[in-house]
Amino acid sequence: MSETDLIQRDVRDGVLSLRMNRPDKKNALNRAMYAGLSDALEAANGDETIRAVLLLGGAGAFSSGNDIADFAGFDAKAGLGEVMRFLRALTALEKPLVAAVDGLAVGIGTTVLFHCDLAYATPRSTFRTPFLDLGLVPEAGSSLLAPATMGYQRAFALLVLGDALSAEQAREAGLVLAVSDAAEDESRRAAARLAAKPPEALRIARRLMRGDGAALNERIEAEARAFAERLTSAEARAAFAAFLGRRG
Ligand code: COA
C-alpha cells in the first residue's frame, strides 16, 4: 500500500482528518505511515484553511504501535529517522489535535494521545504500552507527559509495569476526555467546533496551555537516545524474534 492509502486524508470544514489505514496489521505504524503523518502535520501548519487536525484509526484498532518488523530491522546508522520526524511534527503542530480511539491503542497508539488536546474513546478501547516487555523504554515524551497527566504511580504502572487501561480507566486518568459508542462522531464535532473558533486566539491559548515545548522536545530526544540503544540490545532482539516467530 502506498503512503496515501496507509494514511487517508480528508479536509472538511477546516478539519484535516488523518486516518491510519493498515487493517491487516491492526494499524501497526511502519515508516511510510510515519512519513505520511509527518507530511500532513508539517503541511497543516502553513495552511490557514486547516484549523484543526483529527487523528483516527480503524474499527477495533486505533493502532497496535510501531511495526515490530521495523524495530527488528533497526539500523543504528540510519537511526530513528521517520519516527523522530513524526514526533517533532507533533510537538511543532500549531493546530489543535483531536483523536478518536476504537479498540486497540498499543505503544505509540497510546503515547500519541498525550499530545492530543482532546481524545475520545469507545467503551471497548484498551490502552497499553508494553515497552519494558520488549526490552524498550518509554518514548514520544511519555516519560514526561504521563506522570504530569495521571500522576507518577499510574504512569509507572502504564509505562513500566505494562498494565492495560480500560476506556473508563483512561478517562479517569485523563488520557481521554470521554467514552462513548459514538467516539468518532464526538471527536469530529469537537474538531469542527475548534475549527470555528477565532484561529489566532486558539493558537495563543494552546501555546499558553502547552508551554514552549522545550522541556518536552529535550525529553523526546533523551528517550530516543535510550530507545535506539535498546533496539539493538539482546533483550529487545529476543522479544522481537519471539513476536515475529510466534506463528512459525
Ligand atoms: N508490528 C507488526 N505487526 C503487527 C503488530 C506490530 N506492532 N501488531 C500486530 N501485528 C500484525 C500481526 O503480526 C498479525 O500479522 P499476520 O496476520 O501477518 O500474522 C496482524 O497484525 C494481526 O495481529 P494479531 O496478533 O493476529 O491480532 P490480535 O488481535 O490477536 O492481537 C495485538 C493484536 C496488537 C494485541 C498483538 O498483535 C500484539 O501484541 N502486537 C504487538 C504490539 C506491540 O508490542 N507493539 C509495539 C509497542 S512498542
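The values are calculated or read from the model by the stated rules, or taken from the named source; none is laboratory data. Quick caveat, the model's predicted, so the values are computed rather than measured. With ligands, DNA and RNA removed, areas are computed over all heavy atoms of the protein, side chains included. Shrake-Rupley method; radii C 1.70, N 1.55, O 1.52, S 1.80 Å.
Quick notes
- Cα gyration tensor, region 9-97 - rounded (a/c under 1.5), prolate or oblate: oblate
- Nearest 10 degrees, 0 to 90: helix 234-244 Cα axis against the chain principal axis: 70
- Looking at region 3-182, the DSSP beta bridges with both ends there are about 30 percent antiparallel.
- Here is the tail figure for region 3-182: Cα pairs spaced more than 31 Å apart come to 9 percent of all pairs.
- Overall form of region 185-247 per C-alpha gyration tensor (a/c, 1.5; a/b vs b/c): oblate
- Distance between region 212-233 and region 20-87 - C-alpha centres, whole angstrom: 17
- Accessible-area ranking of Ile68, Ile7, largest first, probe 1.4 Å: Ile68, Ile7
- Rounded to the nearest 10 degrees, the angle from helix 31-45 to the longest Cα principal axis of the chain is 30 degrees.
- Taking amide H atoms as placed 1.01 Å from N in the peptide plane, the amide H of Asn66 lies under 5 Å from those of Leu29, Ile108, Gly109, each 5 or more residues away in sequence or on another chain.
- For region 171-212: rounded, prolate or oblate by the Cα gyration tensor [a/c cutoff 1.5]: oblate
- Crossing angle, helix 183-195 versus the chain [Cα axis fit, 0-90 degrees, rounded to tens]: 50
- Apportionment of accessible area to carbon and sulfur, region 117-167, percent (1.4 Å): 60
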